[in-house]
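Just below is one structure, and these are the notes that go with it.
Here, each number is a calculation from the coordinates, and none is a lab measurement. Not measured: the values here are computed from a predicted model. Note: ideal-geometry Cβ built from the backbone for every residue, glycine included; neighbour counts use all protein chains shown.
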């Protein structure tokens with residue numbers, strides 16, 4: 001049993017710590033920095049920014065900046081922090097773009113609802129419980 005455990009640990013070390021598509025934040029033997037990523041390629045622990053507008057925005061592209069259209073609630077006056085409460089109505093249109101409906105609780109307790117246009121294969125949905133930086137656009 002100890003030998004099996006030693007082999008498993010050795011394989012984990014030699015495999016670079018890759019487990020189920022994620023990597024631990026660490027430094028490789030060559031001194032390169034390794035950043036944890038989720039299966040969609042976004043850095044784990046990165047707080048994404050949601051630019052909220054009153055007009056229909058373009059679909060969000062891969063990266064940290066997302067776009068959303070305010071559908072309910074009061075537009076924030078300035079940048080604020082928020083927490084995603086829901087992710088609903090995510091069916092894709094014929095072009096493969098989903099217009100997910102997300103409720104977000106802003107700092108101070110106010111809630112807004114936004115439509116987040118994105119191709120799910122390229123940009124992950126906003127997930128309930130996810131912190132998000134909200135900026136008026």
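Assorted remarks:
- Filtered by the rule that a residue be within 15 Å of residue 115 (Cβ to Cβ), surrounded by fewer than 17 Cβ atoms within 10 Å (Cβ to Cβ) and in contact (Cβ under 8 Å) with a residue 40 or more places away in the chain, the stretch 52-84 gives 53, 56, 58, 71, 72, 73, 75.
- Tally of residues being in contact (Cβ under 8 Å) with a residue 60 or more places away in the chain and buried (at least 19 other Cβ atoms within 10 Å of the Cβ) across the stretch 115-130: 5
- Test for residue 123: is it assigned to a strand (DSSP E or B) and closer than 22 Å to residue 46 by Cα: no
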